[in-house]
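The values are calculated or read from the model by the stated rules, or taken from the named source; none is laboratory data. Everything numeric in this text was worked out from a predicted model, so none of it was measured. Note that each Cβ is placed from the backbone with ideal geometry, even for glycine, and that neighbours are counted across all protein chains shown. The protein model used for the area step is the full one, side chains on, heavy atoms only, and it has no ligands, DNA or RNA in it. Shrake-Rupley method; radii C 1.70, N 1.55, O 1.52, S 1.80 Å.
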Amino acid sequence: MALKAVRCGLALLLAGATAATGMLAAPPAAADDVRASQLPVLRTLQVAKAWPTSRGEGVLVAVLDSGVDPTHRDLAGSVRVGRDFTEGANPPGVEPRRLHGTYMASLIAGHGHGPGNGDGIIGVAPKARILSVRVILEDEEPGFRVFNSAERYENVVAEGIRYAVDQGADVINMSISKELATKEERAAVRYAIGKGVVLVAAAGNDGAGEPGPDGFAPYSYPAAFPGVVSVGAADRGLRRATFSNFNPSVLVAAPGVDILGAGPNDEYWVGRGTSQASALVSGVAALIKAKYPDMSPPLVVQALTAGASKRPSAGYDTGMGFGVVNAAGALAEAARISRHTLRAGGKTAADPARPVAAAPAGPVQVVHRDRRVITIYTGVSAAATVGALSCVVVIALIATRVRRASAAALDAPLDLPPRRSLDAPPHAGPPTNRDVPLHGDLDVPSHMALDASPHAPLDVRPHGVLDAPPHGALDMSPHTAPYAGLEAPPHATPDMPPHAAPSMNRDVPAHAAPSGAGSPDGPEPAAPRHVSPFAPHPFAPREAAVPRERRARHRRTGNPYPADSDIWGDSDR
């Protein structure tokens, strides 16, 4: 088991007089110079905008690392030393160095020192508290080889996670790396998430090597476990640092080059790696949990990703994840989603002790699919789709043509037949009463009796002349007396041809004009009558109603009037 602190190229800046063995010595750094050197990183994370909202008050951040020096002036009063799971690896009497762990803890919750705490290291969440859980050894410690080879230390990370959760940690930072995962670690991660704890881990520093068969850098554990926030490192230009691992486990990135932090015995260190990036993200998670203590880990992760800045052009990439974490943006996103929850329900949904793969795995069933059949089905589906689209197009064309034809028919002039003439042609058949115009000439033959009884008023058209035959006396009843003696004016003499004059009575042929009585030269021709086509006589009825059965009998006898009519007097009976 190669469990190690994830660090690279550390240079020691001493506040004392000597350098550790194997490290490069450098001039002492003043505390105020340390704070000024931190400003670029703090500006990138926009912590100054986030601190008015939250500074990490009341949050416990567990640092699973090589141990934290609780006496450092920038951490004094904020560190609680927890259990050492590496006990027995070093020879007796050897004190742990606690270099890497102190470095990470200062980036998370350093509060500085001096007047107004204006000197030294200031962490992202300066009001948070640190729980030190020792689960690794420094590379320079004498028990390092034993620790990485003994089986009894194989599950120290899983034990440290469970211990931190039971101690009330809200956030767990793991700036450590393993090449292989164990089911105990996976179960411990599930346990922590089930208890509402946010886990943050370093993505690893093997990105400069050759990619694996899948085209990615190696996966690092516990960062690659589902539910853990895997953090990559960004350089000063906020691009992926060359050493940072790139694979789909990377969720966000943070500055990881030339990062200044505290070391044991009031020292300050500068280095690079995904460990530093992971510690900075843990500090942002502490700010969120301080403001929203009941927020579930999935929502905290969503706030980190949605509030990130410098997002990749495609939205995500395997080197920078969803972008560089931003403290102010994460808090703003957390405020937006704080009223929601993503906590699962049910009896076993949050059972932290139950491993993900508790039941024995059965044989994997491999399904072989016939590519030829798939190709045929695909072709048939494509043909059907094309046919359906063609039908739609044809229907649309037909509908368009029908609409155009209808519009053209509406716009075309109406072709009506010519009006029927009022002059019926010779022998055109007997006209009906409805075919007789209102103002037509009435030509009454001499031998026809005119019934002017009180029940049948005489229908006299305007300006018409009633010419009585010479052999009959006109019986002017009281109802017809006002119409006697009406003569047409001499200027209206329509000459209507035989058989063409409209008649009010059916089957009445055009006979010769009746002769006048008492004329010495023979019969006197009837005076022409004029009928106005516009103005009817005010007293003239429209048409005498003749029952249908009586009209039929008149046609059979040839007499249009009843036999008992006395309009012509007794001589006609």
Task: Protection-proxy order for peptides 274-287, 37-50, each taking the mean of Cβ atoms within 10 Å per residue, highest first - done: 274-287, 37-50
Task: ³J(HN,Hα) computed for each position of the range 196-205 - Karplus, 6.51 cos²θ - 1.76 cosθ + 1.60, integer Hz, glycine/proline x - done: x, 9, 8, 10, 10, 9, 7, 6, x, 10
Open item on the list: Ordering Thr53, Thr341 by accessible area with a probe of 1.4 Å, largest first, what comes out?
Closed with: Thr341, Thr53
Task: D (Stokes-Einstein, µm²/s), Kirkwood Cα radius, the range 306-345, 0.692 mPa s at 37 °C - done: 289 µm²/s
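Write down the accessible area per residue of the range 24-118 in Å², having rolled a 1.4 Å probe over the full set of protein chains. Walk me through the numbers on the way to the answer.
Details: 4190 Å² over 95 residues.
Per residue, the range 24-118 has an accessible area of 44 Å².
In the neighborhood of Thr102, defined by Cβ-to-Cβ distances under 12 Å, what is the net charge if each Lys or Arg adds +1 and each Asp or Glu adds -1?
Neighbour charge sum, excluding Thr102 itself: -2.
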Task: Point-to-point label distance, Ser313-Ala405, nm (Cα→Cβ direction, 7 Å offset) - done: 5.7 nm
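Taking a threshold of 29 Å on the Cα-Cα distance, which of the pairs Lys127/Lys178; Lys127/Lys195; Lys49/Lys178; Lys49/Lys310; Lys127/Lys310; Lys195/Lys291 fall above it?
Lys127/Lys178; Lys49/Lys178
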TODO: Would you mind calculating the gained length between Asp214 and Ile398 on full extension (0.36 nm times residue separation, minus the Cα-Cα distance), in nm to one decimal?
DONE: 60.7 nm
TODO: Calculate what fraction, in whole %, of the accessible area of the range 33-339 sits on carbon and sulfur atoms when a 1.4 Å probe is rolled over the protein chains.
DONE: 49 percent
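Over the range 181-259, give the accessible area per residue in Å² for a 1.4 Å probe, as an integer. Write out the running numbers ahead of the final one.
Details: 2900 Å² over 79 residues.
Heavy-atom accessible area per residue stands at 37 Å².
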Open item on the list: Not counting ligands, DNA or RNA, and with a 1.4 Å probe, what is His111's accessible surface area in Å² rounded to the nearest 10?
Closed with: 40 Å²
Open item on the list: Positive end of the dipole of the range 33-339, charges at C-beta (+1 Lys, Arg; -1 Asp, Glu), about the Cα centre: which of Val133, Gly114, Ser313 has its Cα farthest in that direction?
Closed with: Ser313
Task: Loop-resident sites, the range 104-208, for trypsin sites (Lys or Arg not before Pro), counting at most 13 other Cβ within 10 Å (DSSP) - done: none
Open item on the list: Expected output is a single nm value to one decimal: the length gained when fully extending between Lys183 and Ala335, i.e. 0.36 nm times separation in residues minus the C-alpha distance. What is it?
Closed with: 51.2 nm
TODO: Assuming a ≥ b ≥ c are the square roots of the Cα gyration tensor eigenvalues, decide whether the range 33-339 counts as rounded (a/c under 1.5), prolate (otherwise, with a/b larger than b/c) or oblate.
DONE: rounded
